[in-house]
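Throughout, read-outs are computed from the coordinates displayed, never taken from laboratory work. Fair warning: this is a prediction, and the values are worked out from it, not measured in the lab. Using ideal geometry, Cβ is built from the backbone for each residue, glycine included, and neighbour counts are taken over all protein chains shown.
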Amino acid sequence: MNTTPEEIRRELSAGEQIQWWGRPRQGLVVRGSDAVAIPFSLLWCGFAIFWEYSVLQADKAPGFFALWGIPFVCMGLYMVFGRFLADARQRARTYYAVSNERVLIVSGLFSKQVKSLNIRTLTDVSLTEKSSGEGSITFGPQPPLAAMFGGAQGWPGSDKSLVPRFDLIQDAKRVYEIIRKLQR
């Protein structure tokens with residue numbers, strides 16, 4: 001196993017031993033939920049830009065109309081481009097670990113967040129795996145709409161409402177089996 005990164009080592013207790021560590025897939029990711037989100041965001045952004053352009057071209061449009069459209073254009077640009085960049089940056093700063101005592105998730109877009117789950121008290125651990133072996137391990141019951149919206153990755157504040165999980169990890173089945181073995 002590769003050397004454990006400092007981001008994980010500094011979170012370990014005395015005597016705690018790492019059984020596995022990893023990181024989510026890096027770079028830009030298009031998820032299944034984007035099949036709905038991409039067309040919607042293109043329509044939103046396109047209309048917002050059309051509105052703003054039309055108002056700026058109109059001779060007698062009140063200045064308030066031009067100002068009114070700016071937040072909608074900004075939201076549209078974030079929905080089309082920014083959420084993918086925010087998601088990629090979040091994953092670039094995320095580290096996962098399984099120790100003999102707990103599951104650790106170290107992440108944070110603007111500040112470091114550490115999520116620690118006692119391995120012996122985890123009750124609902126589920127695996128979602130692709131044929132490539134890449135997958136996600138979820139620690140807890142999924143909210144009903146989470147599957148439909150793919151966890152809303154890349155949306156501001158969405159990580160606060162998501163169930164803790166190892167997202168887009170390689171060899172997910174092996175990691176899942178390590179966790180199951182430690183739970184016995």
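Values computed for the structure shown
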| item | result |
| --- | --- |
| Prolate/oblate/rounded label for the range 34-88 (Cα gyration tensor, a/c 1.5) | prolate |
| Sequence ranges 79-92, 35-48, 59-72, ranked by mean other-Cβ count within 10 angstrom, highest first | 79-92, 35-48, 59-72 |
| Kirkwood Rh, Cα atoms: Rg over Rh of the range 1-135 | 1.18 |
| Linear extension gain, K112 paired with A58, 0.36 nm per residue minus alpha-carbon span | 14.7 nm |
| Label point distance in nm, I49-E134, each placed 7 Å from Cα along Cα→Cβ | 2.8 nm |
| Angle between the chain longest axis and helix 172-183 axis [Cα atoms, degrees, rounded to 10] | 50 degrees |
